[in-house]
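The values are calculated or read from the model by the stated rules, or taken from the named source; none is laboratory data. Computed from a predicted model, the values in this text were never measured in an experiment. For neighbour counting, all protein chains shown are included, and Cβ atoms are generated from backbone atoms with ideal geometry for every residue, glycine included. Note: accessible area is taken over every heavy atom of the protein model, side chains too, but ligands, DNA and RNA are not part of it. Shrake-Rupley method; radii C 1.70, N 1.55, O 1.52, S 1.80 Å.
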Amino acid sequence: MDSIVVKGGQPLSGQIKIAGAKNAALTLMPATLLSEEPLTLTNAPRLSDIKTMTALLQSLGVEVTAMKDGNVQVLSSHALTSTTADYDIVRKMRASNLVLGPLLARHHQAVVSLPGGCAIGARPMDIHVTALEALGAEIELKDGYLHAVAKGGLKGAKVPLRFASVGATENVLMAATLAKGITVIENAAREPEIVDLAKCLRTMGAQIEGEGTSTITVEGVDRLGAASHAVVTDRIELGTYMLAPVFAGGEVECLGGRLDLVESFVEKLDAAGVSVTQTQAGLKVSRANGRAKAVDVTTEVFPGFPTDLQAQMMAMLCTAEGTSVLEEKIFENRFMHAPELVRMGAQIEVHGGTATVHGVERLKGAPVMATDLRASVSLILAGLAAEGETIVSRVYHLDRGYEHVEEKLSAVGAQIERVTG
Ligand code: EPZ
């Protein structure tokens, strides 16, 4: 298993290109199942999760052609050979469950393995199931698989979500595009990845209104056509690299960064004394003179503070001036980076969903272990600020969501390398 070695203390300077959003690409790719015409995705990120989604779609009979340097994909599902998403793929990546809605909508059947839990939580699918049943699907859990049928096809309906689940919103939005009649999704998630999905579906011919608000209205159509769509910028990768100069010092410009994608995050950076400027090319960030200030953070659904930036923010607050309180309200077990940061000298107390961070002057490099995607990158960032060398092991977690992190950071002056082992 590869490790990444970081030597702290080198101020950063330069530009980092932000890739297309993993969490947009993972819902845009299954959208190809809604049409027999090809779907072309540009600005697609090159990540292991994308490879996993590609393998899953190919196992259903979808033709996936990666063009040029992997940033362009052409997907075509005119000749499906299966409507079953196997456990051995789904267990590796929960987002595999996003084939459920499209398969039901166009093929009126699907067998999708329950993903099972993962490091950050149980990750149930009750909201997905209730929403699709509202559209007339019959869904039964058997031997760890959801067996779903839509006799005569799905029918539009009012679909109130008990919680603004991102994945459930995406599944029912895709399903509704081909359901007969009008669907109104209430308490819909508002994440930019859902807005991006709606834009792509509209290009394919879907009738959608209200994406980005809590109420999305869809008028079903008989069929969807071809589309070419550029994947939206990854706001989580953006937030992650915006923090790099705060840890290491210096100044970095994140190319493609847009303030509207990271508003609640930037509000916290402002409060911590970090300066963020929108330039023509993206977002420029430099550490305030001296130490950042402590701030309290509570993760919420969009447009609140994103749970996917909680670990990175906690790492930054470890050396802030003062005490910060972080509340994780989206997942039940998303503080696994805390004990690893404590190994580096951080002072963190975790009680249930609340972590209290007492800022210290400096962290010390140490061998640490990645436990999930965002925790792993928070340890890399901490290594940029730490005295000495930090060795982050199990970086396969990292490769799920970050394209060549060591290349992007060393290009702006970080002392970082990947050790294959
Ligand atoms: C998406 O996961 C993202 N993944 C996650 O990013 C992100 O953390 C999450 O949204 C929240 O923003 C992708 O888009 C591929 P949810 P998703 O359904 O859709 C509970 C990353 O690091 N819930 O909004 O699975 C669930 O257990 C990943 O890139 C139910 O109880 O998130 C969780 O506690 C991690 N029943 C909460 O809701 C359900 O049926 C949020 O889940 C569905 C969800």
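Quick notes on this one:
- Compared with the dominant Cα axis of the chain, that is its longest principal axis, helix 192-203 is turned about 30°.
- Sorting the segments 22-29, 414-421, 303-310 by their residues' average number of neighbouring beta-carbon atoms within 10 angstrom, most packed first, yields 22-29, 303-310, 414-421.
- By the Stokes-Einstein formula, at 1.567 mPa s and 4 °C, the chain with its Kirkwood radius over alpha-carbon pairs has D equal to 59 µm²/s.
- Residue among G257, S410, Q15 farthest towards the positive dipole end of the chain, charges placed on Cβ: S410
- The mean accessible area for residues of region 351-416, using a 1.4 Å probe and ignoring ligands and nucleic acids, is 35 Å² per residue.
- The distance linking region 153-216 with region 242-319 is 30 Å (Cα centroid to Cα centroid, whole angstrom).
- Summing +1 for each Lys or Arg and -1 for each Asp or Glu among the other residues whose beta-carbon sits under 10 angstrom from that of V285 gives 0.
- Think of a 1.4 Å ball rolled over the protein heavy atoms: region 224-305 then has 36 Å² of accessible area per residue.
- The helix-based estimate of mean residue ellipticity at 222 nm for the chain, built from -39,500 (n - 2.57) per DSSP H run of four or more residues and divided by its residue count, is -8500 deg cm²/dmol to the nearest 500.
- Highest-MSF residue in the chain out of Q280, Q312, Q347 [GNM, Cα springs under 10 Å]: Q280
- In plain terms, the chain from E140 to R362 could stretch by 74.6 nm, reckoned as 0.36 nm per residue minus the Cα-Cα distance.
- Average accessible surface for region 90-195: 37 Å² per residue, computed with a 1.4 Å probe over protein heavy atoms with every protein chain in place.
- Taking only the C-alpha atoms of region 282-421, the Rg (one decimal) and the largest Cα-Cα distance, Dmax (whole number), read 14.5, 40 Å.
- About the centre of its Cα atoms, the chain shows a dipole size close to 200 debye [charges on the beta carbon of Lys, Arg (+1) and Asp, Glu (-1) only; nearest 20 debye].
- Here the alpha carbons of region 36-149 define both size measures, Rg and Dmax, at 14.5, 42 Å.
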